[in-house]
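I have a structure here, written as structure tokens, and I will follow up with some questions on it.
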Amino acid sequence: PDEGGAIDASTFRTDDGTLHLVWKNDGNCCGKDTWIQTAPLTPDGLALAGEPVRLLMQTEAWEGDLIEAPVIVERDGRWYLFYSANSYGGLDYAIGLATADSPTGPWEKVEGPWMSTERTESRYYGPGGQDLVVGPDGVDFLVFHGWNATITERDLHVIPLDWEDGLPVPRF
């Protein structure tokens, strides 16, 4: 409660089989910083099995006053943290990306928003709230929401994701 609550939880599993929770404290509700945090879970997944570790907070101008919606995946020994930033209520909402050698960091943010209205040449308006899923044929897909052309509702989008030089690349 003293950090504004906890929202946007997701899970990931490390090579040793340990399930981890990752979430955002909702500090933007009450004038505090937002932190993406993680902690290992008990084997049944019902409780934290360790102290939370803070991974990232809003530090870049494009992120506005919050980061949220964390998703952590591992590919070829490297860890990737996808997150959303800025206000979802406008076109500045965007997806950020950070990389690390360990799920507890240190994390290094990829410059600028990784995916935004501008970077998609307005194919997607205010993309965010993302997840990464693997299709039955082994292809990665980015699932996210974004505004429709009249900015009256948020729609679901699914696009294939390629990997080039150790980084994910959306296939528009």
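FYI, it's all coordinate maths here, none of it is from the lab. None of these values were measured; they are calculated from a predicted model. Methodologically, a virtual Cβ is constructed for each residue, glycine included, from the backbone with ideal geometry; neighbour enumeration extends over all protein chains shown.
Quick one: divide the alpha-carbon radius of gyration of region 1-63 by 2.2 N^0.38 Å and tell me what you get.
1.21
On to the next question. Return a whole-number percent for the relative contact order of region 60-103, with Cα pairs under 8 Å and 6 or more residues apart as the contact set.
Normalised by residue count, the contact order of region 60-103 is 37 percent.
Oh, and also: Can you work out the FRET efficiency for the pair T42 and V134, with r the C-beta to C-beta distance and R0 = 30 Å, to the nearest 0.05?
0.70
May I have the pair-distance distribution P(r) for region 48-137, computed from all Cα-Cα distances with 10 Å bins from 0 and rounded to whole percent?
17, 46, 30, 7, 0
What percent of all Cα-Cα pairs in region 120-163 falls in each 10 Å bin, counting up from 0?
So the P(r) values, bin by bin, are 29, 48, 21, 3.
Could you give me the ³J(HN,Hα) list for region 151-162, computed from phi with Karplus coefficients 6.51, -1.76, 1.60 and θ = phi - 60°, whole Hz, x at Gly and Pro?
So the Karplus estimates, Gly and Pro as x, are 6, 10, 8, 9, 10, 8, 10, 9, 9, x, 10, 9 Hz.
Among D15, D65, D155, which one moves the most in a GNM of the chain with springs linking Cα atoms closer than 10 Å?
For the chain, modelled as a Gaussian network with Cα springs under 10 Å, the answer is D15.
Below 8 Å between Cα atoms, with a sequence gap of 6+, how large is the relative contact order for region 12-98 in percent?
Dividing the mean separation by the residue count of region 12-98 yields 21 percent.
Ok, one more. Under 20 °C and 1.002 mPa s, how fast does the chain diffuse according to Stokes-Einstein, given a Kirkwood radius computed over C-alpha pairs? Answer in µm²/s, whole number.
In µm²/s, the coefficient is 130.
Taking the C-alpha atoms of region 54-96, how large are the radius of gyration and the largest Cα-Cα span, Dmax, in Å?
11.4, 35
What's the FRET efficiency of D2 with E111 using the Cβ-Cβ distance as r and R₀ = 35 Å, to the nearest 0.05?
0.60
Quote to one decimal, in nm, the extra length available between R78 and T11 on full extension: 0.36 nm per residue of separation minus the C-alpha distance between them.
22.4 nm
Restricting things to alpha carbons, find the Rg to Rh ratio for region 93-166 using the Kirkwood radius for Rh.
Looking at region 93-166, the ratio lands at 1.01.
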